[in-house]
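Scroll down for the structure; my scribbles are underneath it.
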Amino acid sequence: MDNIEQILKQYLNDDGKINCLDAFKLARELHVEPKEIAEITKKHGIRIDNCELGVFGSKDFGDAIDDIYEKLSSKANSEKKLECSAAWEVAKEFSLNRVGSTTKKSDIEVIYCQLGCFRTRIHHGSKS
């Protein structure tokens with residue numbers, strides 16, 4: 001087993017995947033850009049899980065929040081598409097979980113994953 005496999009195994013969750021936040025930590029440990037992580041994990045048969053913005057995974061989220069929705073909408077394009085990095089910027093003001101709740105339960109579509117997992121959202125989740 002090579003060194004990278006040993007490092008990857010340290011980050012596995014109970015489902016044998018690497019959670020989104022841990023993937024950013026992994027990038028720092030491997031001294032690579034976050035956008036390279038999806039390719040690295042895929043090469044080793046490992047998936048990224050529990051997107052902090054609700055794009056994929058089974059992470060629980062609360063309700064959408066109006067003032068966060070307004071802030072996210074102002075950063076989204078005319079089609080309500082918002083880059084992942086812009087959502088994370090808004091999270092500095094409101095918290096990542098609250099931003100994730102709002103994107104997951106709204107018409108805002110997160111695009112261009114910072115980890116390289118997706119360019120556009122495949123599934124939006126519930127809009128309740």
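Please verify whether region 60-76 includes one or more residues that are over 22 Å from ASN13 (Cα atoms), among the β-branched types (Val, Ile, Thr), open to solvent by less than 80 Å² (accessible area, probe 1.4 Å) and part of a loop (DSSP other than H, G, I, E, B).
There is at least one residue in region 60-76 that is over 22 Å from ASN13 (Cα atoms), among the β-branched types (Val, Ile, Thr), open to solvent by less than 80 Å² (accessible area, probe 1.4 Å) and part of a loop (DSSP other than H, G, I, E, B).
Residues of region 3-28 being acidic (Asp, Glu) and either surrounded by 13 or more Cβ atoms within 10 Å (Cβ to Cβ) or closer than 21 Å to LEU96 by Cα (or both), which ones?
So the first thing to find is which residues in region 3-28 are acidic (Asp, Glu), and the list is 5, 14-15, 22.
Scanning region 3-28 gives a single hit, ASP22.
So is ILE46 open to solvent by 20 Å² or more (accessible area, probe 1.4 Å), at pLDDT 95 or above, among the aliphatic types (A, V, I, L, M) and in contact with a strand residue (DSSP E or B) (Cβ under 8 Å, 6 or more places away or on another chain) or not? Explain how you work it out, then say what you get.
Working: open to solvent by 20 Å² or more (accessible area, probe 1.4 Å): yes; at pLDDT 95 or above: yes; among the aliphatic types (A, V, I, L, M): yes; in contact with a strand residue (DSSP E or B) (Cβ under 8 Å, 6 or more places away or on another chain): yes.
So ILE46 passes the test.
Every residue in region 1-42 that is free of Cβ contacts under 8 Å to residues at least 24 places away in the same chain and under 23 Å from CYS84 (Cα atoms), please.
Start the filter on region 1-42 by keeping residues that are free of Cβ contacts under 8 Å to residues at least 24 places away in the same chain, which leaves 1-3, 6-7, 9-11, 14, 22, 25-26, 28-29, 31-33, 42.
Once the filter is applied, which keeps residues that are free of Cβ contacts under 8 Å to residues at least 24 places away in the same chain and under 23 Å from CYS84 (Cα atoms), region 1-42 yields TYR11, ASP22, LYS25, LEU26, ARG28, GLU29, HIS31, VAL32, GLU33, LYS42.
The values are calculated or read from the model by the stated rules, or taken from the named source; none is laboratory data. Small disclaimer: the values here were computed from a predicted structure and weren't measured. Counting neighbours? That spans all protein chains shown, and the Cβs are built from the backbone with ideal geometry, glycine included. These accessible areas exclude ligands, DNA and RNA; they are computed on the full protein's heavy atoms, side chains included. Shrake-Rupley method; radii C 1.70, N 1.55, O 1.52, S 1.80 Å.
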